[in-house]
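What follows is a short report on a single structure.
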């Protein structure tokens, strides 16, 4: 991937945090690669080369810096500049704990394995396996430094089913063994026996409008499942058969979220949890590029000026959010949240957290198989739509795996009772598709109207063409431009 060496040079010399994760500086004389914010003395320009991703730098034979820790860098927006097929492949690779063969990955994407390898070589300069190994080794390094988890468990949490293979890949990338890194640890690890079992740090590029993001999530928080208390977000979680809860706060001075994880010891699927939370809070958004596109519309430019640090709130689980979107059809946010709370209380699994409080897990499609939904206060038509969606999820007609926006909408609107608004809204929030746009939404039409008249859906679609591929962010700005907070 081509990057501008002059821009990279200026950014690293200034230690500009806006470029953190956008590129990595490899030092030829030391064999180390760093983040642009590395506090070490900057090397001479003739001794450096630049890479768009950590995987490229590691594949070229450079090892990660132990001081600035590339394992903690925000996700690279460079991934968003590659082909759609490569983007889909990366998301599939990151959505599962264990590695997939290139052949299996290609099959899921509907392309040949040879073509997929060629796309990775062309756009990323590395193979799918090299990307997987580098990202998992970087994540393992983070767990070695920041947690008390045993090395064998860290290997499993990072996606390696063989400790021998983990040690081999890790040593190849870091030029030291996991045991050596553990001994060199920063001392920030939590000790066994205290309430918080694991703590993760999720770095991001500023700005991040954390209060506004929590305000949006708090207005839609499900009782017993999630909660926003001041500037703290918490919710119940279930991963890899384990259940527990998380507590998330913002360390604004260090541009990172602090995630405290409570629950069963081990096996929580920490890599998957890390990926889900980055999507939930949209930590890898390319804010600069989004602003460049959306500033072309005067209305959105004004709103961006008022609220820098825009994020697209995601969802913990796509199925969960799909049901919530269906419940929210043609009713207010408060009413939809109330009904969703009834669904959780009626069908969800409850458990006691470490603080002795009762928490609920949102029910899975399997748990809702055969559910009638008649006692939730829904119309018969809406209850039938819910039953149909659950059945379609179970039999494979609805597939949450990575796909195009058009394919998703076509798939879902084929089900009775689900129209374009619902499909686009699930894509926007549940699947974090940045170009989703529910053009018939009342709030959007009001925000785009003039002289007391609402805009027409076709007018909204026409205007939003200029916002591609960031129409979902445009929708967020329109909703937040309204004085009323009771809009989806």
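We did not get these values from a lab; they are worked out from the coordinates using the rules stated. Keep in mind that what you see is a predicted model, and the values were worked out from it rather than measured. Cβ placement follows ideal geometry from the backbone for every residue including glycine, while neighbour counts extend to all protein chains displayed.
If you line up the long axis of helix 113-123 against the longest principal axis of the chain, both from Cα atoms, how many degrees apart are they, to the nearest 10?
Once rounded, one gets 70 degrees.
Just to be sure I understand: if I project the alpha-carbon convex hull of region 78-182 onto a plane and average over all orientations, what area do I get in nm²?
Convex hull of Cα atoms, orientation-averaged projection: 6.7 nm².
Using all C-alpha to C-alpha distances in the chain, build P(r) with 20 Å bins and read off the rounded percent in each one.
Whole-percent P(r) values from 0 Å outward: 22, 57, 21, 1.
So, in nm, how far is label residue 331 from label residue 5 when the simple model puts each one 7 Å beyond its Cα toward the Cβ?
Taking the two extended label points, one gets 6.2 nm.
Shape call for region 198-282 from the C-alpha gyration tensor, a ≥ b ≥ c root eigenvalues: rounded (a/c under 1.5), prolate (a/b greater than b/c) or oblate?
Cα axes put region 198-282 in the oblate bin.
Relative contact order of region 318-481: what whole-number percent is it, with Cα pairs under 8 angstrom and at least 6 residues apart?
Relative contact order for region 318-481 comes out at 18 percent.
Just round it to a whole percent: the fraction of Cα-Cα distances in region 5-77 exceeding 14 Å.
Percentage above 14 Å: 50.
Given axes a ≥ b ≥ c from the Cα gyration tensor, I'd like to know whether region 277-318 is rounded (a/c under 1.5), prolate (a/b larger than b/c) or oblate.
The shape class here is prolate.
Starting from the Cα-Cα distance between residue 45 and residue 251, subtract it from 0.36 nm times their residue separation and give me the gain in nm to one decimal.
70.9 nm
Please compute the Kirkwood hydrodynamic radius of region 140-181 from all pairs of different C-alpha atoms, in Å with one decimal.
10.0
What number does region 318-481 give for Rg over Rh if you use C-alpha atoms and the Kirkwood radius?
1.01
Using just the helices of the chain, give the 222 nm mean residue ellipticity in deg cm²/dmol: DSSP H runs with n ≥ 4 each add -39,500 (n - 2.57), and the total is spread over all residues, rounded to 500.
-12500 deg cm²/dmol
Mind checking the angle between helix 163-174 and the chain's longest principal axis? C-alpha axes, 0 to 90 degrees, to the nearest 10.
Helix 163-174 sits at roughly 70 degrees to that axis.
How large are Rg and Dmax for region 396-488 when only the alpha carbon atoms are used, in Å?
So, for region 396-488, Rg and Dmax equal 13.5, 47 Å respectively.
Could you work out, for region 223-327, what percent of all Cα-Cα pairs fall into each 10 Å distance bin, beginning at 0 Å and stopping at the bin that holds the largest distance?
Here the calculated profile for region 223-327 is 12, 38, 32, 16, 3, 0.
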